[in-house]
Amino acid sequence: LRRELPAFVDLADGGHAIDPADVDPGDWVEVSLLPPDSPQAPLQAVLLRRLGGADPISADLDAIVAEFGLPEPWSAAEEQAAARLEPVALERVDATALEAVTIDPLDAQDFDDALSIEPGPQPGLVTIGVHIADVAAYVPADSAFDAGARARGFTAYLPGRTLPMLPAALAGRTCSLIAGEERLAHSVFMDIDAASGEVVSRRRQRTRLRVVQRLTFEDVAAILADDPALRGRVPPRVHQIVRHLGEVACACRARRAAQDGFLDLALPEIRVLCTGAPPRIQALQRVEAGPAHQLVEEFMLAANTAVAEELLERGLPGLFRNHDEPKPADLAAFLVWARQTLHTRLPALGDRAAVNRLLAEVGQDALRDTVLAQFLRALPRAGYGVECRGHYGLGKTIYCHFTS
């Protein structure tokens, strides 16, 4: 940026520039590029505003919000209005006797899904319940909060800052499946053969739910590993529930691997841990997708499939999650790269089974993350559509994102 720019420049939108002398190296700034006099002329810009320095990270977050046009937080008046909302009157099943648990990251601020398990209608069957907070009961279509949620599209989780799609009064309280509190849910119940992992039957119901325990992924991992250090902090009954869920999830995953041949593309997540106000970065945490994450994933995938099947069976319009097959040219380019990188001869990647064999050969080598990331670039992006075209990565012909 040229520091000899005039201190104040009138802009077309009526705004004003700031003095470049007021900006230090390393500051985050918002600028407006000026049209160049010629293709060879250097780029020039007008400084619109200084967002702040690099420490603490408040200015970094402000820069992300400005660059991607993330909406402002909900106002105090909107939060108060959200807190007064009453649910739409619907017939509901009383499921408060179910021993449901939530499983989320340690720093989760809202709890939008829960799991339950109980004996099934026949010996050998168990009934898995996937319970999703029934936000739609409080946010009717085309209401002011529905319009605001559509404009946002998602909750933006930034390190040290969360910009919720819905007011915190809804997302964090009224519609959050808080342990010990009665909440409204949209539930999918699936009768599953505990030994084979086969979904024998399913039903979907609006319910009233009361979660018995909030768990973190670390808690669940410790329970599944039978870590004695956790026994005093989690009731024995919750231990039994989680271990039973884990056993059924393993059966479901084995069946899905055999029948669907899904791609095992789990990459580690790098979480930025922040504390304080204003926030400061305390650590970087590498989170591997272990048995605890797979437990939740299996039942969410099963519920998504069940709802997608119901939409098609009943002829209801819906949004389906589609993932097309990769183009042969893109797979061939990846294979050339993989052969050069791994210094080995590799067979052609004709189907998902061949891809999984390649990934298994890489194993836990230090190159695994790089190979996975490069392969993901060879795949088309998944998307949403009113037609159900199937999901290549999951190996499913019918799929939607009900749990999201």
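Couple of notes before you dig in:
- Helices (runs of 4 or more DSSP H) wholly inside the stretch 216-325 that include at least 2 residues being touching an Asp or Glu at 6+ places or on another chain (Cβ under 6 Å): 236-259
- Index of the failed condition, residue 21 passing every other in (1) open to solvent by 40 Å² or more (accessible area, probe 1.4 Å); (2) at pLDDT below 90; (3) within 38 Å of the chain's Cα centre (by Cα): (3)
- Single condition residue 266 does not satisfy, out of (1) at negative phi; (2) small (Gly, Ala, Ser); (3) modelled with pLDDT of 95 or more: (3)
- Annotation: of all residues in the stretch 353-364 being surrounded by 12 or more Cβ atoms within 10 Å (Cβ to Cβ) and modelled with pLDDT under 80, the one that is farthest from the chain's Cα centre (by Cα) is 361.
- Qualifying position, being among the hydrophobic types (A, V, I, L, M, F, W, C), farther than 20 Å from residue 295 by Cβ, outside any strand (DSSP E or B) and open to solvent by 30 Å² or more (accessible area, probe 1.4 Å), among 171, 89, 82: 89
- Considering only residues in the stretch 303-352 that are surrounded by 12 or more Cβ atoms within 10 Å (Cβ to Cβ) and hydroxyl-bearing (Ser, Thr, Tyr), the one that is modelled with the highest pLDDT turns out to be 305.
- In the stretch 32-56, the residues that are surrounded by 10 or more Cβ atoms within 10 Å (Cβ to Cβ), out of contact with any helix residue (DSSP H, G or I) (no Cβ under 8 Å at 6 or more places or on another chain) and not in a strand (DSSP E or B): 36, 41, 43, 55, 56
- Where residue 176 falls short, out of the listed (1) open to solvent by 40 Å² or more (accessible area, probe 1.4 Å); (2) small (Gly, Ala, Ser); (3) assigned to a loop (DSSP other than H, G, I, E, B): (1)
- Any chance residue 210 is closer than 22 Å to residue 92 by Cα, touching a Cys at 6+ places or on another chain (Cβ under 9 Å) and not aliphatic (A, V, I, L, M): no
- Within the stretch 97-136, the set of residues being open to solvent by 30 Å² or more (accessible area, probe 1.4 Å) and not charged (D, E, K, R) comprises 97, 105, 106, 109, 119, 121, 122, 123, 124, 135, 136.
- Any hit, the stretch 365-376, residues being modelled with pLDDT of 90 or more, over 25 Å from residue 319 (Cα atoms) and surrounded by 16 or more Cβ atoms within 10 Å (Cβ to Cβ): yes
- The one condition in (1) basic (Lys, Arg); (2) assigned to a helix (DSSP H, G or I); (3) within 25 Å of residue 133 (Cα to Cα) that residue 377 fails to fulfil: (3)
- Odd one out for residue 59 among (1) without any contact (Cβ under 8 Å) to a residue 40 or more places away in the chain; (2) open to solvent by 30 Å² or more (accessible area, probe 1.4 Å): (2)
The values are calculated or read from the model by the stated rules, or taken from the named source; none is laboratory data. As the structure is a computational prediction, the values presented were derived from the model and not from experiment. Note that each Cβ is placed from the backbone with ideal geometry, even for glycine, and that neighbours are counted across all protein chains shown. SASA here: full protein model, heavy atoms, side chains in, ligands and nucleic acids out. Shrake-Rupley method; radii C 1.70, N 1.55, O 1.52, S 1.80 Å.
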